[in-house]
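The values are calculated or read from the model by the stated rules, or taken from the named source; none is laboratory data. Here the structure is a predicted model, which is why all the values come from computation and not from measurement. Because the Cβ atoms are built from the backbone with ideal geometry, glycine has one as well, and the counts that use them run over all protein chains shown. The area values use the complete protein model at the heavy-atom level, side chains included, leaving out ligands, DNA and RNA. Shrake-Rupley method; radii C 1.70, N 1.55, O 1.52, S 1.80 Å.
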Amino acid sequence: MDFPGLIHCQKVIASFSGWSKPEEETGYMIFSAPLSIAGAAETAFNLHGGCYWRHADKNVTFELVLGKTPTRRRVVLKRIEWRSLQGGHSNKRGRPPGLIRRTEATHCHEFDLNYVSDLRRMRGGNLPFADNIRPEIETFEQLREFVGRRLNIQNIGVVAIPDWEYGLF
């Protein structure tokens, strides 16, 4: 299937095995869930998620990814970042007309901003263009619903809330 087709079609998470245990050094947790389209698994097509164990309700990332296969390198098609610890994202020179120079901490690296239709490929630089998400997303549950709508994933509710460490204060 072509990239635009993968983005715009309805998808289902085939299985969700949960968030990983936090990495010992960084506390980063991830998941990778295979996606199916019309009842058939798409080879190496996954929803990836990531966050930090000690940063509850911050720095959560969801990506649509075509994984590496013998004939293709890993390709990220779309990324949603919620409350990034690094703040906003700078859009490089040559950005599409009307796109802001710098995003806020919650933003989306939209497929349409980063796909070169004439060449039928993604731009280089790991999705260099992004735009703010409005209105602000307040909770993980709201983020999960937003991700489901934006990525056309029907059963996004199977993605569990990360097992964050909440401090006393």
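Roughly how many percent of the accessible protein surface of the chain is carbon and sulfur, given a 1.4 Å probe and a whole-percent answer?
Working: 4740 of 9570 Å².
Solvent-exposed carbon and sulfur of the chain make up 50 percent of the total.
Using a simple charge model, +1 on the beta-carbon of Lys and Arg, -1 on the beta-carbon of Asp and Glu, nothing else, what dipole does region 75-122 show about its Cα centre, in debye to the nearest 20?
Details: 10 positive and 5 negative charges, 37 e Å.
In debye, rounded to 20, region 75-122 gives about 180.
Give me a comma-separated list of calculated 3J(HN,Hα) values for region 40-52, in order, Karplus coefficients 6.51, -1.76, 1.60 applied at θ = phi - 60°, integers in Hz, x for any Gly or Pro.
10, 5, 8, 4, 6, 9, 9, 9, 9, x, x, 6, 9
Hand me the GluC sites (Glu not before Pro) from region 2-73 located in a DSSP loop with no more than 14 other Cβ atoms within 10 Å, in residue order please.
Filter output for region 2-73: Glu23, Glu24, Glu25.
Placing +1 at every Lys and Arg Cβ and -1 at every Asp and Glu Cβ, with all other atoms neutral, what dipole size does the chain have around its Cα centre, in debye to the nearest 20?
It comes to approximately 780 debye.
Could you pull out every residue, at least 5 positions away or on a different chain, whose amide H is within less than 5 Å of the one on Lys11? Hs are placed 1.01 Å off N in the peptide plane, and Pro or chain starts have none.
The list, which skips near neighbours in sequence, is Ile153, Gln154.
Which of Ala105, Ala130, Ala38 moves most in a GNM of the chain, Cα contacts under 10 Å?
Ala38
Divide by every residue of the chain the summed helix terms, -39500 (n - 2.57) for each DSSP H run of at least 4, and state the resulting mean residue ellipticity at 222 nm, rounded to the nearest 500 deg cm²/dmol.
Only helices count here, giving -3500 deg cm²/dmol.
Just Asp57, Asp131, Asp118 to compare: in a GNM of the chain, with alpha carbon springs under 10 Å, which one fluctuates most?
Of the options given, Asp118 has the highest mean-square fluctuation.
Provide the three semi-axes, in whole Å and in decreasing order, of the ellipsoid equivalent to region 2-73 as defined by the square roots of 5 times the Cα gyration tensor eigenvalues.
Working: eigenvalues 134, 35, 26 Å².
Value: 26, 13, 11 Å, ordered largest first.
Can you give the net charge of the other residues whose Cβ lies under 15 Å from the Cβ of Asp112, counting K and R as +1 and D and E as -1?
Once all neighbours under 15 Å are counted, the net charge is +3.
Around Ser90, what is the net charge, scoring Lys/Arg as +1 and Asp/Glu as -1 over all other residues with Cβ under 14 Å from its Cβ?
Net charge in that neighbourhood comes out at +2.
Compare the Cα positions of Ile30, Asn126, Asn46 along the charge dipole of region 1-136 (+1 at Cβ of Lys, Arg; -1 at Cβ of Asp, Glu; about the Cα centre) and return the one farthest towards the positive end.
So the residue furthest toward the plus end is Asn126.
Putting +1 on Lys and Arg Cβ atoms and -1 on Asp and Glu Cβ atoms, find which of Ile80, Val158, Asn59 reaches farthest to the positive end of the dipole of the chain.
Ile80
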